[in-house]
Amino acid sequence: MTDHENFRPRYDVVVVGARCAGASTAMLLARAGARVLLVDRQTYGSDIVSTHALMRAGVLQLKRWGVLGRLLAAGTPEIDVTTFHYGAESFRIDIKPEHDVDFLIAPRRTVIDRILVDAAREAGASVRHGVAVTHLEVDANGRVCGVTLRDHDDSIVTVACDMVIGADGRLSTVARRVKAPTNVDGTHASGYVYGYYAGLPNDGTHWYFERGTAAGVIPTNDNQHCVFVSVPRDSFAAVFRKDLEGGFLKTAAANSPVLRDAVQKARPMSRLRGFGGGAGYLRQSYGPGWALVGDAGYFKDPLTAHGITDALRDAEILSRAILSGGDQALARYQNERDTLSRPLLDVTDTIASFAWNLDEVKDHHLRLSEAMNTETNHVAGFSGRDDLAA
Ligand SMILES: Cc1cc2nc3c(=O)[nH]c(=O)nc-3n(C[C@H](O)[C@H](O)[C@H](O)COP(=O)(O)OP(=O)(O)OC[C@H]3O[C@@H](n4cnc5c(N)ncnc54)[C@H](O)[C@@H]3O)c2cc1C
């Protein structure tokens, strides 16, 4: 970096973490005229452990914000059908037009995070990659009033601001520094292994469920498919530690021998990546001079593929709260987030328990679908207040 001289002495907002939650919050605040600094310790355009499926509310946000076209132009395929497989039974569902959205997408994180960072920069945010927040500055009244930044060559700079937003993921430094309490704890977690393949049929997303396991196929950029398998967290080491690829194929076959055969015939385009699991939570997400958004404040198991959609939702709820000002605005943000998130977190936790038979998991998916409809209707309601849209 060594462009510390480019930091202003003071910002309205410093956003820590430049991915879906942080970059979109920075974009929205900068569009409204706030002086925003967006920092991330990783490099611009880098990848992260995550698959990519976006739900309708997430696609709607990207469309309203004027960035959906860029994602499509980057080769992100439109997904117009999704198939749920419960053992030998399959349900194929066309994505029907609703709320101005008639397809879903699943962009690589190297694509969507970069496009959101570009949009934040174009809106006027200062963006710095390769810079970690190590400490928060706190004034005599206990209010967060700045950040200490460390660059990759270990130089240190302190920046003052009115508010620090932690969009820095599950292991959030900001949450740790402000000692944000956890208000709701999930119980269950799944372990995940995924990789990218070329040569699979273009037939939308597929979600597979069998007793004690799940899997999926998600079409993404570069004509590739992301294929994942999932098992209860407690079984993760036993299934994958000795033989990652063998465990991956065995788990794919347990879900569907057809899936295993298709994967074996396809061309692997990456190494397999794993995620050992983490239980969900809702954290206290505001305090004097600070707020949390995205996984920093609210996480749930990846098995319902919903973290990015919720991050895009909450970026807007938080931005509107900050812009409206007032003592109660951030409390309203947390309340709105929690009201929408609690049903999603609860049903996700239940699905991640793997303590279901195939009829029961179908019921859990119906509950999930209801919570997603409520969320989409809520996000569609932002459209009446499109001052933050593109
Ligand atoms: C295996 C797996 C599969 C998933 N699949 C899906 C899916 O299909 N669909 C979906 O919607 N969600 C999925 N998720 C969830 C999704 O990845 C998260 O919800 C999403 O990444 C949250 O985004 P975020 O911006 O809040 O945080 P993150 O994406 O975690 O980004 C946080 C950023 O903060 C930066 N950072 C951290 N600490 C600091 C610091 N001190 N200083 C500066 N920068 C810092 C990091 O470098 C990082 O870039 C999956 C998650 C996992 C683990």
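I'm trying to understand the selection: among the residues of the stretch 174-204, which are more than 19 Å from R273 (Cβ to Cβ) and either surrounded by 21 or more Cβ atoms within 10 Å (Cβ to Cβ) or in contact with a Leu (Cβ under 9 Å, 6 or more places away or on another chain) (or both)? Once the filter is applied, which keeps residues that are more than 19 Å from R273 (Cβ to Cβ) and either surrounded by 21 or more Cβ atoms within 10 Å (Cβ to Cβ) or in contact with a Leu (Cβ under 9 Å, 6 or more places away or on another chain) (or both), the stretch 174-204 yields V174, A175, R177, V178, A180, T182, N183, V184, D185, G186, G204. Of the strands (runs of 3 or more DSSP E) lying entirely inside the stretch 111-209, those carrying at least 1 residues that are more than 30 Å from N223 (Cα to Cα) and more than 10 Å from the ligand (Cβ to nearest atom) are 126-129, 131-138, 144-151, 156-166, 182-185. Residue count for the stretch 330-345 satisfying the condition of being surrounded by fewer than 16 Cβ atoms within 10 Å (Cβ to Cβ) and under 21 Å from the mean Cα position of the chain (by Cα): 3. From the list G287, G297, G325, the one residue that fits, being of a type in the set (G, A, S), assigned by TED's automatic domain parsing to the domain that holds C20, more than 8 Å from the ligand (Cβ to nearest atom) and surrounded by 24 or more Cβ atoms within 10 Å (Cβ to Cβ), is G297. Of the candidates A73, A132, the single residue that is without any contact (Cβ under 8 Å) to a residue 40 or more places away in the chain and under 23 Å from the mean Cα position of the chain (by Cα) is A73. Of all residues in the stretch 205-227, those that are exposed (fewer than 15 other Cβ atoms within 10 Å of the Cβ) and under 14 Å from A266 (Cα atoms) total 1. When the test is whether a residue is surrounded by 22 or more Cβ atoms within 10 Å (Cβ to Cβ) and either without any contact (Cβ under 8 Å) to a residue 60 or more places away in the chain or away from the ligand (no atom under 15 Å from the Cβ) (or both), T251 passes it.
Of the residues screened, A18 is not one that is in contact with a Lys or Arg (Cβ under 9 Å, 6 or more places away or on another chain), more than 16 Å from the ligand (Cβ to nearest atom) and in contact (Cβ under 8 Å) with a residue 24 or more places away in the chain.
I want to confirm something. Restricting to the stretch 160-173 and keeping residues that are more than 21 Å from N141 (Cα to Cα) and in contact with a helix residue (DSSP H, G or I) (Cβ under 6 Å, 6 or more places away or on another chain), which single residue is surrounded by the most Cβ atoms within 10 Å (Cβ to Cβ)? This residue is A167. Can you say whether D100 is of a type in the set (D, E) and under 30 Å from T376 (Cβ atoms), as far as the supplied structure shows? The answer is yes for D100. Residues that are part of a helix (DSSP H, G or I) and either in contact with a Ser or Thr (Cβ under 7 Å, 6 or more places away or on another chain) or among the basic types (K, R) (or both) within the stretch 61-93 comprise K63, R64, R70, listed in sequence order.
Here V49, V59, V39 are screened, and the one residue that is within 15 Å of the ligand (Cβ to nearest atom), over 16 Å from the mean Cα position of the chain (by Cα) and either over 19 Å from H306 (Cβ atoms) or touching a residue at least 12 places away in the same chain (Cβ under 8 Å) (or both) is V39. Mind counting the residues in the stretch 348-361 that are out of contact with any strand residue (DSSP E or B) (no Cβ under 6 Å at 6 or more places or on another chain), part of a helix (DSSP H, G or I) and surrounded by 15 or more Cβ atoms within 10 Å (Cβ to Cβ)? The number of residues fulfilling the criteria is 4. Only a single criterion out of (1) away from the ligand (no atom under 12 Å from the Cβ); (2) touching a His at 6+ places or on another chain (Cβ under 9 Å) is not satisfied by V217, namely (1). Residues in the stretch 1-32 that are modelled with pLDDT of 95 or more, assigned to a loop (DSSP other than H, G, I, E, B) and at negative phi: A18, R19, A32.
Taken together, D295, D327 contain a single residue that is assigned to a loop (DSSP other than H, G, I, E, B) and either in contact (Cβ under 8 Å) with a residue 40 or more places away in the chain or more than 19 Å from the chain's Cα centre (by Cα) (or both), which is D327.
The values are calculated or read from the model by the stated rules, or taken from the named source; none is laboratory data. Quantities reported herein were computed from a predicted structural model and do not represent experimental measurements. Because the Cβ atoms are built from the backbone with ideal geometry, glycine has one as well, and the counts that use them run over all protein chains shown.
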